Every structure is written in C-alpha cells, then in structure tokens.
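This report refers to the structure that appears directly beneath it.
No value in this document is a laboratory result; all are computed from the given coordinates. Note that the structure is a prediction, hence the values are computed from the model and not measured. FYI the Cβ positions are ideal-geometry reconstructions off the backbone, even for glycines, and counts take in every protein chain you see.
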Amino acid sequence: MRAEDGTLYVNYNAGVLSSIWRIPPNGGQPSQFAALPDVAALNGLAIDESESYLYITDSSKGAVWRISLRPGTAGAVNLWAQGAQLEPVAPAPEGANGIKVHNNAVWVSNTAQGTLMSIPVNEDAIVTRATGVTAIDDFAFATNGDVVAAQDYVSEVSILYQDGSHVMVLTSSDGLSNPTSIAISGSTVYIASAAYFTLVDPNLMIAHLGDDREDSN
C-alpha cells in the first residue's frame with residue numbers, strides 16, 4: 001500500500017512475527033513499522049490519508065486492526081472492528097479479507113460469507129452492502145462508485161452496483177485462475193490471478209469497464 005508521499009507499507013504475515021513494514025519513498029532499507037503479534041491471519045491493507053491510519057483485516061479472527069500514522073502515535077495498534085459479520089464460517093477459513101477506504105468508510109469483504117460491508121470511519125456500525133458474492137476476495141471502486149470484485153476459488157469477477165445487486169462479468173473461460181487482487185485506473189481493470197487452488201496459469205489480466213450495466217467487460 002503506497003502513501004501519497006511515496007512510502008510503501010507492506011504486510012508480513014508470519015504468526016507472532018506478523019507486522020507492517022515500511023519502505024522509503026525512493027527505495028532503500030525496509031524497517032518494521034508496527035508489530036502485530038495478536039493477529040491470526042494478516043490479509044488486506046488499506047490507507048486513510050485524511051485521517052492518517054492504516055487498516056488491516058484479520059481473516060481468521062474476523063477483525064479489522066488500525067495503525068496510526070500520526071506524529072506522536074505512529075505505529076500504535078488497536079483492534080478497531082470485530083463482530084459476526086466479519087468472521088469466517090465453515091468450511092471456508094477466511095472471513096474479513098479485502099479492505100478499502102472510500103467515502104469516509106472502511107469497506108471490507110468477507111470471503112466465507114460472500115458479503116461486502118462498510119464501516120463508517122467515525123462509527124462502529126457494520127453495514128452489509130452486498131450479499132451472495134461467492135468467495136469475494138479483493139475489490140476496487142470504479143469512478144462511478146460501483147465495485148469490481150475478485151472471487152477467488154470460483155475464478156470469477158463481478159460488478160457490485162450501489163443498490164447491492166451484482167453481475168458476473170468474467171470467469172475461468174476468460175482466463176481467470178483464482179483471482180485475488182483488483183486494481184482500477186480510469187476504465188482499466190487489473191486482475192491478478194494467484195492460481196492457489198487450480199495450480200494452473202497464474203496471470204495478470206487487463207479488462208475494461210463499459211459505459212453501462214450491459215457492457216461491463
């Protein structure tokens with residue numbers, strides 16, 4: 001996750017050694033920014049530049065942790081959100097997974113429950129925005145506010161509209177192989193397939209958003 005000043009923050013998921021590391025804007029020696037020994041499964045990472053915080057999902061505990069970037073408290077960690085909506089459910093082990101900051105809220109996907117939620121930055125209410133999005137992992141916001149979501153073990157990508165409805169736009173027949181990461185620049189969508197389960201053809205796919213609900217890929 002890159003900050004506006006070019007600093008790069010990186011997850012290190014390693015049990016009691018889990019932590020966030022910081023890489024200087026112009027490269028150089030990485031350094032540990034915050035230790036996270038109580039995190040069970042460090043996963044998604046997002047930055048809120050306006051409030052100066054990092055947010056991290058804990059997929060096993062079903063939680064969101066927050067780390068301060070503010071002078072004087074930089075690196076301070078606290079458990080920010082937790083609850084049944086963020087927890088995993090059998091048989092899938094991953095609950096809270098992808099995370100983004102958008103419109104003064106922290107948005108979180110739950111892979112096991114197939115849901116997308118938002119949590120206002122200055123409140124503690126978890127609002128479910130979409131359901132039935134099987135195996136949702138990472139996601140990204142289009143310029144119009146719709147969400148493009150990677151669906152990991154089903155090898156699909158869907159567009160989630162602001163009314164909570166969604167439509168599948170890409171599948172394994174298009175070349176997806178367990179997509180785990182999404183990025184959007186303008187109308188261009190970048191989709192990274194990790195092939196965790198298929199073990200076939202990890203790749204980076206480029207797709208393009210259409211102008212309406214009928215022309216999305």
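Points worth noting:
- Within segment 189-205, tally of residues that are in contact (Cβ under 8 Å) with a residue 12 or more places away in the chain and either of a type in the set (A, V, I, L, M) or on the phi > 0 side of the Ramachandran plot (or both): 9
- The residue that is nearest to the chain's Cα centre (by Cα), counting only those in segment 175-188 that are surrounded by 14 or more Cβ atoms within 10 Å (Cβ to Cβ) and without any contact (Cβ under 8 Å) to a residue 40 or more places away in the chain, is 178.
- Scanning segment 38-60 for residues that are in contact with a Gly (Cβ under 8 Å, 6 or more places away or on another chain) and assigned to a loop (DSSP other than H, G, I, E, B), we see that the one that is surrounded by the most Cβ atoms within 10 Å (Cβ to Cβ) is 59.
- Output for segment 136-178, where each listed residue is in contact with a Pro (Cβ under 9 Å, 6 or more places away or on another chain) and not hydrophobic (A, V, I, L, M, F, W, C): 137, 138, 151, 152, 155, 156, 177, 178
- Residues in segment 146-156 that are surrounded by fewer than 24 Cβ atoms within 10 Å (Cβ to Cβ) and touching a residue at least 24 places away in the same chain (Cβ under 8 Å): 2 in all.
- Filtered by the rule that a residue be in contact with a strand residue (DSSP E or B) (Cβ under 7 Å, 6 or more places away or on another chain) and exposed (fewer than 15 other Cβ atoms within 10 Å of the Cβ), segment 76-96 gives 76, 78, 79.
- Residues of segment 183-209 classified as part of a loop (DSSP other than H, G, I, E, B) and farther than 14 Å from residue 151 by Cα, total: 7
- Taking the criterion of being in a loop (DSSP other than H, G, I, E, B) and of a type in the set (S, T, N, Q), the residues of segment 89-145 that qualify are 103, 104, 111, 113, 122, 131, 134, 143, 144.
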